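Written out below as C-alpha cells is the structure these notes cover.
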C-alpha cells in the first residue's frame with residue numbers, strides 16, 4: 001500500500017497524536033521523495049529519523065524538548081517550524097547551512 005505514496009513530495013500528518021509511535025507508523029518516514037512533512041499537533045516528544053531530502057519540516061504544537069541528531073542530519077532543510085514546543089536550546093540549528101526560515105515562537109529558548 002505504501003508504494004503508491006513513494007513518489008509524493010508533500011505529506012500532512014498533523015493532528016494524529018503520534019506521541020508514542022510504533023514501528024508500523026514510522027514506516028511513513030521512510031519516503032525518500034518527501035520534500036515537505038507536516039507533523040503539527042501530534043504530541044511528539046522527540047524527533048525520529050526522517051527522510052534526508054526534506055526541505056520543509058513543520059513540527060509546531062508538539063512537546064519537543066530538544067534538538068537531536070535526527071534533525072541535524074536534515075541538511076537540505078530550508079524551512080523549519082518548531083513553534084509552540086518546549087525547546088530550551090536552539091544553538092544546534094546553526095549547523096543547518098541551507099536553513100532560511102526558522103520559527104521558534106512560544107518555546108523556552110534561552111540565549
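Of all residues in the range 65-89, those that are on the phi > 0 side of the Ramachandran plot have Cβ atoms under 6 Å from Cβ atoms of residues that are assigned to a loop (DSSP other than H, G, I, E, B), 6 or more apart or on another chain, in 84/60; 84/61; 84/106. If you go through the range 16-33 and keep only what is within 21 Å of residue 85 (Cβ to Cβ), at pLDDT 75 or above and surrounded by 13 or more Cβ atoms within 10 Å (Cβ to Cβ), you end up with 16, 18.
Taking the numbered list (1) at pLDDT 95 or above; (2) in contact with a helix residue (DSSP H, G or I) (Cβ under 6 Å, 6 or more places away or on another chain) in turn, residue 56 passes all entries but (2).
Quick check on residue 7: is it assigned to a loop (DSSP other than H, G, I, E, B), more than 12 Å from the chain's Cα centre (by Cα), surrounded by fewer than 18 Cβ atoms within 10 Å (Cβ to Cβ) and modelled with pLDDT of 95 or more? Criteria not met by residue 7.
The values are calculated or read from the model by the stated rules, or taken from the named source; none is laboratory data. Keep in mind that this is a model prediction, so the values were computed, not measured. A quick note on method: Cβ atoms are made from the backbone with ideal geometry, for glycine too, and the neighbour counts reach across all protein chains shown.
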